[in-house]
1. Does segment 22-40 include one or more residues that are surrounded by 10 or more Cβ atoms within 10 Å (Cβ to Cβ), modelled with pLDDT of 75 or more, at negative phi and touching a strand residue (DSSP E or B) at 6+ places or on another chain (Cβ under 9 Å)?
2. Residue check, Gln91 against (1) under 30 Å from Phe159 (Cβ atoms); (2) open to solvent by 90 Å² or more (accessible area, probe 1.4 Å); (3) modelled with pLDDT under 75, all met but one. Which one?
3. Of all strands (runs of 3 or more DSSP E) completely enclosed by segment 137-244, which ones contain at least 1 residues that are closer than 19 Å to Arg84 by Cα and either at pLDDT below 95 or open to solvent by less than 40 Å² (accessible area, probe 1.4 Å) (or both)?
4. Specify which of the listed residues (Arg84, Arg77, Arg104) is within 30 Å of Cys139 (Cβ to Cβ), at pLDDT 65 or above and open to solvent by 80 Å² or more (accessible area, probe 1.4 Å).
5. Hey, among Leu12, Leu70, which residue is part of a helix (DSSP H, G or I), at pLDDT below 80 and open to solvent by 70 Å² or more (accessible area, probe 1.4 Å)?
Amino acid sequence: MMQWLQLHWQQLLIGFGIGAVLTASLAWLLFYLQQKKWQLNVADQLEDSIQQRTLELQITLTELADKNKLLEQQSTRDALTGVRNRAFFDQKLSAEIKRSRRERSTLGLLMIDIDHFKAFNDNHGHLVGDLVIKEVANCLQQELKRSTDHLCRYGGEEFAIILPNTDKEGAMVLAEQVRLCLANHRIKHEELELSISVSIGCYAAVAEISSVSADYIQAADTALYQAKNEGRNKVVCSTLSHSVITESGDSR
């Protein structure tokens, strides 16, 4: 009888032990699952937060790039006319000379000056003078059909057009189109109706090793002042060679 009781108690104790182990194991499993669920929730929240921050950063970077682009455009645009300014002209002409030298392609340049511009300011005031400059800029821009051609306000009433991959004949054709367009254009302001004309100097050449921006500007300017001296409202193409330009440039 005693042996049976002892065996019975042993079985009960073993049963309690197994039950305790199972209970503890179940409790640990539940704890582990809760911890895993919590970790997954935290990971999901962290991932969402990272994605949100990444999206916000991308938006900020895009906005910053847009603002930088706007500032860059503003820094290279003429405030009065909206065309490219002198700073852009200097950089672009230098870059195109290097490309002309590298690719052995002909680079053209037009220098354009509004005839008798001082009379517009003297007779009608500076507001009318500004209007004339803006109208000329609009007409010039409309005549450019290639995205690679760049119209710039060189200074005052003078404009320049950079013409990559354009030979002497092509530059002359465009210059004459521009001259005719402006000669036929009338500027209306209140009761005024003004006629305008321009003189244009052309130059086109393949850049040599020694070529610099001043060579192209000097050649086109020389042709421009020849057009002025020959009565204005005229297109003249420079006949200067690179060697002549370089020699005169070295003598200065």
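1. Among the residues of segment 22-40, not one is surrounded by 10 or more Cβ atoms within 10 Å (Cβ to Cβ), modelled with pLDDT of 75 or more, at negative phi and touching a strand residue (DSSP E or B) at 6+ places or on another chain (Cβ under 9 Å), which makes the answer no.
2. Answer for Gln91: the failing condition is (3).
3. Per the criteria, 150-155, 158-163, 198-206.
4. On the way: Arg84 fails: open to solvent by 80 Å² or more (accessible area, probe 1.4 Å); Arg104 fails: within 30 Å of Cys139 (Cβ to Cβ).
Arg77 is the lone residue from the list that is within 30 Å of Cys139 (Cβ to Cβ), at pLDDT 65 or above and open to solvent by 80 Å² or more (accessible area, probe 1.4 Å).
5. After ruling out the rest, the residue left standing is Leu70.
This table checks each residue for (1) without any contact (Cβ under 8 Å) to a residue 12 or more places away in the chain; (2) closer than 21 Å to Cys237 by Cα.
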position: Val128; (1), (2): no, no
position: Lys134; (1), (2): no, no
position: Gln141; (1), (2): no, yes
position: Leu151; (1), (2): no, yes
position: Tyr154; (1), (2): no, yes
position: Glu157; (1), (2): no, yes
position: Asn165; (1), (2): no, yes
position: Gly170; (1), (2): no, yes
position: Val173; (1), (2): yes, yes
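The values are calculated or read from the model by the stated rules, or taken from the named source; none is laboratory data. All values derive from a computational prediction rather than experimental measurement. Note that each Cβ is placed from the backbone with ideal geometry, even for glycine, and that neighbours are counted across all protein chains shown. Ligands, DNA and RNA are stripped out before the accessible areas are found, and what is left, the full protein with its side chains, is counted by its heavy atoms. Shrake-Rupley method; radii C 1.70, N 1.55, O 1.52, S 1.80 Å.
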